[in-house]
Amino acid sequence: MRNRSVAVVGALALLLSVAGCNNAAPQQGATAASPGAVGTSPDGSSTGGDKKLTIAVIPKGTTHSFWKSVEAGAKAAAEETGAEIIWKGPLRENDRAQQIAIVQQFVSDNVSGIALAPLDDAALVSPVRSANAKDIPVLIFDSALKGTPGKEFVSFVATDNRKGGGLGGERLAKLLGGKGKVILLRYQEGSASTQEREAGFLDVMKKTPGIQVIVDNRYAGATVGDAKAAAMNMVDRLKEADGIFCPNESSTVGMLLALRQNNLAGKVKFVGFDVTEQLTEALDRGDVDALVAQNPTKMGYESVKLMVARLKGEKIEERVDTGVVVIDKENLKTPDVQKLVGGG
């Protein structure tokens, strides 16, 4: 009996010892939290569990090459920082209602932060306010939103679009020797980025008395097909023109197709905006004379990097200029330009 009692006491002691280990307080640096819970450290960084910062990245659209480059940059930053990005945008770059619904969905999902390229500088103000009301920071990229960086949204990451339009105007004026008739095919109303480019272009035209703008009130629309149709609807004016400027990828490609169909490619000086494989080939062939190039990969990268820093409580820049440069046949093959267009 005595030996049996000793055995029972020993077993109970062992069980109590194990229970004590399991209920021990967290050791150095550990956070007592339920599985997957996230707290905030004194510097604002995420702690606890294995849950990542989740950043919704919402482009204007998802089909153009420009947005695919933005997505690549955003993914690179996410991999570097350990954040998770959710890439979602409307199919067409004129579907304001769908983009608003996407923002509202992410606000409802309570993501950590939102990076948004607004389709309309006014229509997206209310959804951004809704995010702010839930303490979800919003960063604006590519195209402006009405409001002040650092107040209504945490930062604005974009090309200096007015400068880009001005560079396009200066190049076209130089190609024409400071005289001739030109056409501006606009993109679409409400798009702040392209409106700035159009304004920058027209600023230069006004300072060049030998140039006459014969069309500046036509809009390309959201797709290449729409842009081609808009250009085809003014073929007589295209035949009259000495130079043409388009302010984004889809309007430039649509105009290029219309010029080729009417045997005008290479006969009229043509400056476009944005860079794709199709457009660089056209540049090399002489169907396009120059392209104003942004850096969409950097835009996506900087947007995610800044949002992660903001979510960690770090001070971030309220305005980041991602750069703009004019590309032509002469500098297309240079290392810097090849790196920008993805060829090196």
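Here are a few things to note about the model shown:
- Which listed residue, of 140, 58, 114, is under 27 Å from residue 189 (Cβ atoms) and touching a Pro at 6+ places or on another chain (Cβ under 7 Å): 140
- Test: residue in the range 259-281 that is open to solvent by 30 Å² or more (accessible area, probe 1.4 Å), in contact with a Phe, Trp or Tyr (Cβ under 9 Å, 6 or more places away or on another chain) and not charged (D, E, K, R): yes
- For residue 339: the one exception among (1) crowded, with 20+ Cβ neighbours inside 10 Å; (2) in a helix (DSSP H, G or I): (1)
- Of the helices (runs of 4 or more DSSP H) lying entirely inside the range 223-277, those containing at least 2 residues that are under 26 Å from the mean Cα position of the chain (by Cα) are 224-232, 249-261.
- Remark: residue 79 matches the filter, which requires a residue to be without any contact (Cβ under 8 Å) to a residue 12 or more places away in the chain and among the acidic types (Asp, Glu).
- Pair list, Cβ under 6 Å, 6 or more apart: the range 126-153 residue closer than 24 Å to residue 197 by Cα and of a type outside the set (Phe, Trp, Tyr), other residue open to solvent by 60 Å² or more (accessible area, probe 1.4 Å) and part of a strand (DSSP E or B): 149/319
- Residue check, residue 332 open to solvent by less than 30 Å² (accessible area, probe 1.4 Å) and either closer than 20 Å to residue 174 by Cβ or modelled with pLDDT under 95 (or both): yes
- Evaluating residue 326 against the criteria (1) outside any strand (DSSP E or B); (2) aliphatic (A, V, I, L, M); (3) over 17 Å from residue 79 (Cβ atoms) leaves one unmet condition, (1).
- If the condition is being under 26 Å from residue 177 (Cα atoms) and either modelled with pLDDT under 95 or within 23 Å of the chain's Cα centre (by Cα) (or both), then the range 282-305 contributes 284, 290, 291, 292, 293, 294.
- Annotation note: Cβ proximity below 8 Å between a residue of the range 88-116 that is without any contact (Cβ under 8 Å) to a residue 24 or more places away in the chain and a residue that is among the aliphatic types (A, V, I, L, M) and open to solvent by 10 Å² or more (accessible area, probe 1.4 Å) (sequence gap 6+ or interchain) occurs for 98/91.
- Among the residues making up the range 278-321, those that are farther than 25 Å from residue 77 by Cα and either of a type in the set (Lys, Arg) or free of Cβ contacts under 8 Å to residues at least 24 places away in the same chain (or both) are 281, 285.
- Residues (part of a helix (DSSP H, G or I), open to solvent by 20 Å² or more (accessible area, probe 1.4 Å) and basic (Lys, Arg)) located in the range 188-222: 206
- Annotation note: of 145, 175, 167, the sole residue that is at pLDDT 95 or above and under 18 Å from residue 298 (Cβ atoms) is 167.
- The range 196-222: number of residues that are modelled with pLDDT of 95 or more and touching a Ser or Thr at 6+ places or on another chain (Cβ under 9 Å): 5
- For the range 262-271, the criterion of a residue being in contact (Cβ under 8 Å) with a residue 40 or more places away in the chain and not β-branched (Val, Ile, Thr) is satisfied by at least one position.
- Top-ranked residue in the range 223-252 [being in contact with a Ser or Thr (Cβ under 7 Å, 6 or more places away or on another chain) and hydrophobic (A, V, I, L, M, F, W, C); ranked as surrounded by the fewest Cβ atoms within 10 Å (Cβ to Cβ)]: 224
- Residue 79 vs. criteria within 17 Å of residue 302 (Cβ to Cβ) and among the acidic types (Asp, Glu): yes
The values are calculated or read from the model by the stated rules, or taken from the named source; none is laboratory data. All of these numbers come straight from a predicted model, not from anything done at the bench. Backbone-built Cβ (ideal geometry, glycine too); neighbour counts: all protein chains shown. Accessible surface areas use protein heavy atoms only, side chains included; no ligands, DNA or RNA. Shrake-Rupley method; radii C 1.70, N 1.55, O 1.52, S 1.80 Å.
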